[in-house]
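J.: Pasting a structure below so you can have a look.
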Amino acid sequence: MHKDIATPARTRAILDKYGFSFKKSLGQNFLIDTNILRRIVDHADLSEESGAIEIGPGIGALTEQLARRSKKVLAFEIDQRLLPILEETLSPYPHVSIINEDVLKADVKTAIEQEFEGINDIMVVANLPYYVTTPIIMKLLEDKLPIRGIVCMLQKEVADRISARPGTKEYGSLSIAVQYYTEAETAMIVPKTVFVPQPNVDSAVIKLTKRKEPAVAVKSESFFFKVTKASFAQRRKTLLNNLTSQLPGGKQKKEHILSALEQANVEPGRRGETLSIEEFARLSDALLPHFS
């Protein structure tokens with residue numbers, strides 16, 4: 001067994017050897033606790049036949065734990081300065097591939113086809129850069145990739161919003177967007193002290209398990225997401241006010257919006273945060289003929 005990368009001393013030694021300095025603009029916070037890393041990997045339920053996709057491997061701390069428990073690891077790293085470090089730290093693991101690319105611009109589907117041939121169980125497991133957490137998760141879900149799910153470290157506040165239930169202050173369009181595609185649960189809370197440098201916020205690991213079918217059937221996915229976004233535009237406003245001011249031509253279509261609310265059996269004076277995903281689906285389908 002090779003020495004773990006993720007100990008404070010070894011991390012410091014690697015960074016010093018390469019004269020590496022953290023780039024705030026890339027949201028780099030490296031994990032220095034092997035126990036936490038192993039627990040993250042536990043939540044992914046990998047087998048020796050699984051493939052793992054990582055985003056932002058850093059110096060390879062999580063990558064190494066994934067490599068020990070899977071058939072193949074594919075990691076996207078945007079920071080070129082880390083490539084020689086990863087080449088050294090991950091040299092014992094020939095089944096790891098690093099792609100030097102911004103995952104938001106990458107064709108992940110093609111990369112999966114090329115790298116995971118013959119592998120049917122694929123999980124995304126990552127300590128995500130906090131400044132782009134939401135866009136990365138949404139890209140992975142909207143691209144409809146052949147993955148079982150996502151286990152990732154992110155800001156606790158974002159994890160709370162993703163797994164929030166109706167009627168809570170965390171519940172919003174992000175909760176609905178993610179829960180439309182997945183079942184979401186917060187797997188663990190992680191203290192700041194296990195990172196270098198320490199982030200300013202508390203962190204959490206969230207587990208998203210992809211649904212076989214979306215949570216609700218809607219006539220237009222894109223319009224459904226438009227309606228949910230519009231409904232939360234100003235949280236203190238009623239649904240009627242938000243939809244009238246946010247949907248294109250809404251002010252002229254107030255009567256149509258009222259009749260759609262009635263058709264969907266939703267009171268116009270309610271606020272977005274009180275609606276379940278099923279109610280949003282009914283409302284979106286009732287509004288669609290007036291806005292297409």
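None of the figures in this text is laboratory data; all of them are computed from the coordinates on show. Since we're looking at a predicted model, the values are computed, not measured. Cβ: placed from backbone, ideal geometry, glycine included. Neighbour counts: every protein chain shown.
J.: Find the eigenvalues of the gyration tensor of the Cα atoms of the range 2-140, then list the square roots of 5 times those eigenvalues as equivalent ellipsoid semi-axes, largest first, in whole angstrom.
T.: Rounded to whole Å, the semi-axes are 22, 18, 14.
J.: Kirkwood Rh and Cα-based Rg: tell me the resulting Rg over Rh for the range 116-228, rounded to two decimals.
T.: Taking Rg over the Kirkwood Rh, I get 0.98.
J.: Please report the relative contact order for the chain, taking Cα pairs under 8 Å with a sequence separation of at least 6, and give it as a percent rounded to a whole number.
T.: Averaging sequence separation for qualifying contacts and normalising by length gives 15 percent for the chain.
J.: Which whole number in µm²/s is D for the range 48-108 by Stokes-Einstein, with the Kirkwood Rh taken over Cα pairs at 10 °C and 1.306 mPa s?
T.: 139 µm²/s
J.: I've got another one for you. Please list the equivalent ellipsoid semi-axes of the chain, computed as the square roots of five times the alpha-carbon gyration tensor eigenvalues, in descending order and whole angstrom.
T.: 41, 19, 16
J.: Lysine pairs in the range 1-135 with alpha-carbon atoms under 26 Å apart, 8 or more places apart or on different chains: how many are there?
T.: 9
J.: Right, something else. Expressed as an acute angle from 0 to 90° and rounded to the nearest 10, what is the orientation of the C-alpha long axis of helix 8-18 relative to the principal long axis of the chain?
T.: Its long axis makes an angle of about 80 degrees.
J.: Quick one: 3J(HN,Hα) in Hz for the range 51-67, Karplus 6.51/-1.76/1.60 with θ = phi - 60°, rounded, Gly and Pro as x.
T.: x, 10, 10, 10, 10, x, x, x, 9, x, 4, 6, 3, 4, 5, 5, 4
J.: Going by amide H atoms built from the backbone, whose H comes under 5 Å of the H on Asp202, apart from near neighbours?
T.: Lys156
J.: Please report the net charge: other residues with Cβ closer than 10 Å to the Cβ of Phe116, K and R +1, D and E -1.
T.: -2
J.: For the range 1-76, I need the span (max minus min coordinate) of the C-alpha atoms along each principal axis, in Å, sorted largest to smallest.
T.: Ordered largest first, the range 1-76 gives principal extents of 37, 28, 18 Å.
J.: From the Cα trace of the range 59-183, what convex hull volume per residue do you get, rounded to a whole Å³?
T.: Spelled out: Cα convex hull of the range 59-183, divided by residues, is 110 Å³.
J.: If you don't mind, there's one more thing I want to ask. For the range 171-292, what is the Kirkwood hydrodynamic radius in Å, using each pair of distinct C-alpha atoms?
T.: 15.8 Å
J.: Tally Lys and Arg at +1 and Asp and Glu at -1 over the other residues with C-beta under 15 Å from the C-beta of Lys156: what net charge comes out?
T.: Result for the local shell: -1.
J.: Count the net charge of all other residues whose Cβ sits under 13 Å from the Cβ of Asp42, scoring Lys and Arg as +1 and Asp and Glu as -1.
T.: Net local charge, Asp42 excluded: +4.
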